[in-house]
1. Using packing as a proxy for protection, rank 58-69, 25-36, 107-118 so that the peptide with the highest average count of other Cβ atoms within 10 Å comes first.
2. Determine the gain in length on full extension of the stretch Phe96-Val64; use 0.36 nm per residue of separation and subtract their C-alpha separation, reporting nm with one decimal.
3. In whole Hz, with x marking every Gly and Pro, tabulate ³J(HN,Hα) for region 27-39 from phi via Karplus 6.51 cos²θ - 1.76 cosθ + 1.60, θ = phi - 60°.
4. Using the crude model of +1 on Lys and Arg Cβ and -1 on Asp and Glu Cβ, and no other charge, please compute the dipole size for the chain relative to its Cα centre, in debye to 20.
5. Report, in deg cm²/dmol and to the nearest 500, the calculated mean residue ellipticity at 222 nm for the chain, where each DSSP H run with n ≥ 4 adds -39500 (n - 2.57) and the sum is divided by the residue count.
6. How big is the shadow of the Cα convex hull of region 19-101, averaged over all directions, in nm²?
7. Rounded to the nearest 10 degrees, what's the angle between the helix 68-88 long axis and the longest principal axis of the chain, both from Cα atoms, 0 to 90?
8. Could you check the simple spin-label distance between Ile35 and Tyr113, using points 7 Å along Cα→Cβ, in nm with one decimal?
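Since every read-out is calculated from the coordinates, none of them should be taken as a lab result. Note that the structure is a prediction, hence the values are computed from the model and not measured. Here the Cβ positions follow ideal geometry from the backbone for every residue, glycine too, while neighbour counts run over all protein chains shown.
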Amino acid sequence: MNQLSPVASGLDAQRDQSLRNVGHVSYALHLIVAIGAVVPSFQPSILLLLAAFVIDLVKRADAVGTWHESHFRWRIRSVVWAGILYVATLPLWLFFVLPGWIAWGLISLWFVYRVARGWLSLNDRKPMPV
């Protein structure tokens, strides 16, 4: 019979809780920045997003082989794609304010969706789709 010892089981539970805590902090930071990009006059620092991104990059190795791994991948990809889209639509702000505002609003709403979907799955202890 191949059962884990109580000590190993306790370490797995501790690892799981630690990774869930990292996930909650990361999703919260992502959400603050995403909502700030949509709500006029509420602009939190991009440093919050970078902090969450660095946390995810540093801690993702701890999640290898667990369902948490998909959440790290989900958050990292969300930030990378949002960054690419924001930079790609930056010229719209420089030449025409309204199209830039609309483009960034849509990107931000997509980002809020990604954060909400991921956070709900984290709460349900479900992996994210690949």
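1. 25-36, 107-118, 58-69
2. 7.1 nm
3. Karplus-based 3J(HN,Hα) across region 27-39 equals 4, 4, 5, 4, 5, 4, 5, 5, 5, x, 6, 9, 8 Hz.
4. 120 debye
5. Using -39500 (n - 2.57) per qualifying helix, the result is -27000 deg cm²/dmol.
6. Projected area, direction-averaged: 5.7 nm².
7. 10 degrees
8. 1.9 nm
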